[in-house]
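Asker: Have a look at this one.
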There are 2 protein chains.
Amino acid sequence: VRKLKAIVYGVGAMGSIIARLLLEKDVEIVGAIARSPNKIGRDLGEVAGLGFAAGVTVTADARPVLAQCAPDIAVVCVSSYLSTMREHFRVCLEHGVNVVTTEEESIYPWTTAPDLAAELDRLAKENGVTLAASGAQDVFWINLVATLMGAAHRIDAVAGRCSWNVDDYGPEVAAVVRVGDTRAKFDRHLREHGRSDFVVRATLETLIARAGLRIGSVKSSVVPLLAEEDTASRSLGRVIPRERVLGVLDTTTIRTADGPTFSLEMAGRVYREGESDLNEWLIKGEPELHLRNDHVPTQLATCATVVNRIPDGIAAEPGLVTLDRLPQLRYRPAQLALPA
Amino acid sequence: VRKLKAIVYGVGAMGSIIARLLLEKDVEIVGAIARSPNKIGRDLGEVAGLGFAAGVTVTADARPVLAQCAPDIAVVCVSSYLSTMREHFRVCLEHGVNVVTTEEESIYPWTTAPDLAAELDRLAKENGVTLAASGAQDVFWINLVATLMGAAHRIDAVAGRCSWNVDDYGPEVAAVVRVGDTRAKFDRHLREHGRSDFVVRATLETLIARAGLRIGSVKSSVVPLLAEEDTASRSLGRVIPRERVLGVLDTTTIRTADGPTFSLEMAGRVYREGESDLNEWLIKGEPELHLRNDHVPTQLATCATVVNRIPDGIAAEPGLVTLDRLPQLRYRPAQLALPA
């Protein structure tokens, strides 16, 4: 076996954790890409807070690293939505480098961004590589639920509830969620710009595809979650006053053409002291089935899952490998390595 | 597509439910096998309590049905342990018929019954068919846990606790568990006969195989669970007096050669009013992960899962297909059918 070579593409909250996990799994990091001028030119270990020098300088342009270092995988953690991430994925795929990403829409973008999905699928195939997304949803909202569905004789409805802490993902995510807005400002923004379907819809559509069901109608709603008391936001470094937006509740319900209904309520908000992430599902039908994960470590689980998915991404047939097509998720106990 | 043809091999508590599920999934039942003289010669619908005639007569000898009806699958629900089930499996495999079974040791018998496992594996291969086991453990104790392990960066220990109601599985299982014994009689029987490793060990060994880890040392214990008050047993049709055996707590701990420890505590006992099955797991390591299923419908889930596994068993490479080798478990929403 030889060491696996990776690029850490994006050195924010998630990329910094992933850099540590990769090194602990004996992966060779051959490049680190960031946008922020205060990260560029510094050692990855310093930027990611590893406590030691990684011997890799953070650079702004991925091209030279992709062209010269022959990485096996680019772990891309930059932002959300395929439209935002398109160019980042393109440059990796065009250089013949496989991608795994935490970008949420990529888990199943066939209906929310079908043109971009087809374009990236084609590009990956042309270059003989794969684009695969993973994260906490791979485990908690998709594969645990799809497995539980395997205990059902007849499913009438699948209903999930989960929560995540906006403060875990840095100021950019807090801004997307509009933490700190007044109710009026939040409503006006929603009226004027709408809100793109996010992880919730892609999650449900993956579950539906895995069960061999067909999508009928899709209904989504967004409701702001207001602070009940003044609440400190770690990611924004300030206190959100009472009655301002602390987060959002995204709800999507998909009625399948085959009968069963799938719904997921996802609350993303700044937590108060002592709160932790929850994941809870109910399958109605015969029999009725329950699943609950307390204290979900969503952020670290996202990073660990993406790393555990690297061998699956490398081994998959070229193309956009959506989550319904990835094999059984596995824990990877030892070093990640490749046949020599 | 054409209808799938099945034999219901064993028409007890489980086989009776499975017969209904198969018919509801549009499977053609071409034979039903039972031992008990009061079942033989009657219609399957009557014996299984379906509320209608199934048009299939329950018979004692599987051979004529296996030879003449060309079934695609035999769903075998007779008893526990490979040593007990050997002849039942042999007769199906020798007739070139695939088997799925609720027999618990078959999920991973490579260490508890290696000679029998090898013999049945060879026989299945010679006849171009498969032998696969499933049941509630496929979902609740194995695949949910293996999936959750996929969210871990480093696992130190995997620990499960689950319970099942002895009264759900008929008088034979209650006798195996020694419900109604005095403590002294239970201890004497254990001393004289020991207790074969059961579902617990096979479950843990499947999880260990799925993670690519190696078994180090295995430690098992059995403790009787005594009635705290007089408790009615539905399966035995009598009251178990206070201080008599209501069930057993089986605990197995496996230390892997690679470090992580796997343990499972399984309590099987006669329930009091209002109790229900529980499944709860904790993964220690980085991060710490929790899973909990309340009100597990173990009996019905076992039947539904075995039926959902039929297409996997038929599609697998010939041989003994232990649970670590079966593909992702799926809900089968519509009829079970085969390409024409």
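Asker: Tell me, which residue of segment A:271-305 that is over 30 Å from A:I155 (Cα atoms) and open to solvent by less than 10 Å² (accessible area, probe 1.4 Å) is farthest from the other protein chains (Cβ to nearest Cβ)?
Answerer: Looking at the filtered set, the residue picked out is A:C303.
Asker: Does B:T302 qualify as being among the hydroxyl-bearing types (S, T, Y) and in a strand (DSSP E or B)? Steps first, please.
Answerer: On the way: among the hydroxyl-bearing types (S, T, Y): yes; in a strand (DSSP E or B): no.
Answer is no for this residue.
Asker: While we're here: Here are the criteria: (1) touching a residue at least 24 places away in the same chain (Cβ under 8 Å); (2) more than 14 Å from chain B (Cβ to nearest Cβ); (3) assigned to a helix (DSSP H, G or I); (4) under 24 Å from the mean Cα position of the chain (by Cα). Tell me which single one A:R195 does not satisfy.
Answerer: (3)
Asker: When both residues are 6+ apart or on different chains and their Cβ atoms are under 8 Å apart, which pairs have a first residue that lies in segment B:28-57 and is within 13 Å of B:G15 (Cα to Cα), and a second that is exposed (fewer than 12 other Cβ atoms within 10 Å of the Cβ) and among the charged types (D, E, K, R)?
Answerer: B:I33/B:D61
Asker: Hey, another quick one. Only residues that are under 23 Å from B:E104 (Cα atoms), hydrophobic (A, V, I, L, M, F, W, C) and either part of a strand (DSSP E or B) or touching a Lys or Arg at 6+ places or on another chain (Cβ under 9 Å) (or both): list them for segment B:209-244, please.
Answerer: Selection gives B:A209, B:A211, B:I215, B:V218, B:V222, B:V223, B:L225.
Asker: Would you be able to say whether some residue in segment B:262-278 is within 20 Å of B:T111 (Cβ to Cβ) and small (G, A, S)?
Answerer: Yes; the residues of segment B:262-278 include at least one that is within 20 Å of B:T111 (Cβ to Cβ) and small (G, A, S).
Asker: Only residues that are more than 20 Å from the chain's Cα centre (by Cα) and open to solvent by 20 Å² or more (accessible area, probe 1.4 Å): list them for segment B:161-186, please.
Answerer: Once the filter is applied, which keeps residues that are more than 20 Å from the chain's Cα centre (by Cα) and open to solvent by 20 Å² or more (accessible area, probe 1.4 Å), segment B:161-186 yields B:T182, B:R183, B:A184, B:K185.
Asker: Which numbered condition in (1) within 10 Å of chain A (Cβ to nearest Cβ); (2) over 22 Å from A:T147 (Cβ atoms); (3) not basic (K, R) is the only one that B:T251 fails?
Answerer: (1)
Asker: Say whether the condition of being modelled with pLDDT of 95 or more, within 14 Å of chain A (Cβ to nearest Cβ) and touching a helix residue (DSSP H, G or I) at 6+ places or on another chain (Cβ under 9 Å) is met by at least one residue in segment B:26-38.
Answerer: Yes; the residues of segment B:26-38 include at least one that is modelled with pLDDT of 95 or more, within 14 Å of chain A (Cβ to nearest Cβ) and touching a helix residue (DSSP H, G or I) at 6+ places or on another chain (Cβ under 9 Å).
Asker: Still on this model: Looking only at residues in segment A:253-268 that are assigned to a strand (DSSP E or B) and touching an Asp or Glu at 6+ places or on another chain (Cβ under 9 Å), which one is surrounded by the most Cβ atoms within 10 Å (Cβ to Cβ)? Can you show your working first?
Answerer: Initially, segment A:253-268 is screened for residues assigned to a strand (DSSP E or B), giving A:253-256, A:261-268.
Narrowing further to those that are touching an Asp or Glu at 6+ places or on another chain (Cβ under 9 Å): A:254, A:261-262, A:264-268.
Details: A:I254: 24, A:T261: 17, A:F262: 24, A:L264: 24, A:E265: 18, A:M266: 21, A:A267: 20, A:G268: 26.
Looking at residues that are assigned to a strand (DSSP E or B) and touching an Asp or Glu at 6+ places or on another chain (Cβ under 9 Å), I get A:G268.
Asker: Is segment B:145-160 home to any residue that is polar (S, T, N, Q), surrounded by 24 or more Cβ atoms within 10 Å (Cβ to Cβ), part of a helix (DSSP H, G or I) and away from chain A (no Cβ under 14 Å)?
Answerer: Of the residues in segment B:145-160, the ones polar (S, T, N, Q) are B:147.
Add one more test, that the residue is surrounded by 24 or more Cβ atoms within 10 Å (Cβ to Cβ), and what stays is B:147.
Applying the additional criterion that residues be part of a helix (DSSP H, G or I) yields B:147.
Filter once more, so that each one left must be away from chain A (no Cβ under 14 Å): none.
Looking through segment B:145-160, none of the residues is polar (S, T, N, Q), surrounded by 24 or more Cβ atoms within 10 Å (Cβ to Cβ), part of a helix (DSSP H, G or I) and away from chain A (no Cβ under 14 Å).
Asker: Here is a follow-up. Check segment A:125-136 and report whether any residue there is at pLDDT below 95, in contact with a strand residue (DSSP E or B) (Cβ under 6 Å, 6 or more places away or on another chain) and in a loop (DSSP other than H, G, I, E, B).
Answerer: no
Asker: So, in segment B:269-299, how many residues would count as being of a type in the set (F, W, Y) and not in a strand (DSSP E or B)? Quick ask: steps written out before the conclusion?
Answerer: Quick first cut of segment B:269-299, residues of a type in the set (F, W, Y) only: B:271, B:281.
From what is left, the residues that are not in a strand (DSSP E or B) are B:271.
Final tally of qualifying residues: 1.
Asker: Next question. Identify all residues within segment A:161-192 that are among the acidic types (D, E), more than 14 Å from every other protein chain (Cβ to nearest Cβ) and more than 13 Å from A:I240 (Cβ to Cβ); write none if there are none. Write out each step before concluding.
Answerer: Within segment A:161-192, the subset among the acidic types (D, E) is A:167-168, A:172, A:181, A:187, A:192.
Checking the rest, the ones that are also more than 14 Å from every other protein chain (Cβ to nearest Cβ) come to A:167, A:172, A:181, A:187, A:192.
Answer for segment A:161-192, where residues must be among the acidic types (D, E), more than 14 Å from every other protein chain (Cβ to nearest Cβ) and more than 13 Å from A:I240 (Cβ to Cβ): A:E172, A:D187, A:E192.
Asker: Could you tell me whether any residue of segment A:313-331 is crowded, with 21+ Cβ neighbours inside 10 Å, in contact with a Ser or Thr (Cβ under 9 Å, 6 or more places away or on another chain), at pLDDT 95 or above and part of a strand (DSSP E or B)?
Answerer: yes
Asker: Among residues belonging to segment B:114-136 that are open to solvent by less than 10 Å² (accessible area, probe 1.4 Å) and of a type outside the set (G, A, S), point out the one that is nearest to the other protein chains (Cβ to nearest Cβ).
Answerer: Result: B:T130.
Asker: Another question, if that's okay. For A:T206, indicate whether it is assigned to a helix (DSSP H, G or I), without any contact (Cβ under 8 Å) to a residue 24 or more places away in the chain and either touching a Leu at 6+ places or on another chain (Cβ under 9 Å) or open to solvent by less than 10 Å² (accessible area, probe 1.4 Å) (or both).
Answerer: Here the answer is no, as A:T206 does not meet what is asked.
Asker: When you look at B:V11, is it farther than 26 Å from B:T322 by Cβ, under 19 Å from the mean Cα position of the chain (by Cα) and touching a residue at least 12 places away in the same chain (Cβ under 8 Å), yes or no?
Answerer: Taking the combined requirement at face value, the residue satisfies it.
Asker: Also: Identify, by number, the condition in (1) over 30 Å from A:S196 (Cα atoms); (2) without any contact (Cβ under 8 Å) to a residue 60 or more places away in the chain that A:D72 doesn't meet.
Answerer: For A:D72, the exception is condition (2).
The values are calculated or read from the model by the stated rules, or taken from the named source; none is laboratory data. Model, not experiment: these values are computed from the prediction. Cβ atoms come from the backbone with ideal geometry, glycine included; neighbour counts cover every protein chain shown. With ligands, DNA and RNA removed, areas are computed over all heavy atoms of the protein, side chains included. Shrake-Rupley method; radii C 1.70, N 1.55, O 1.52, S 1.80 Å.
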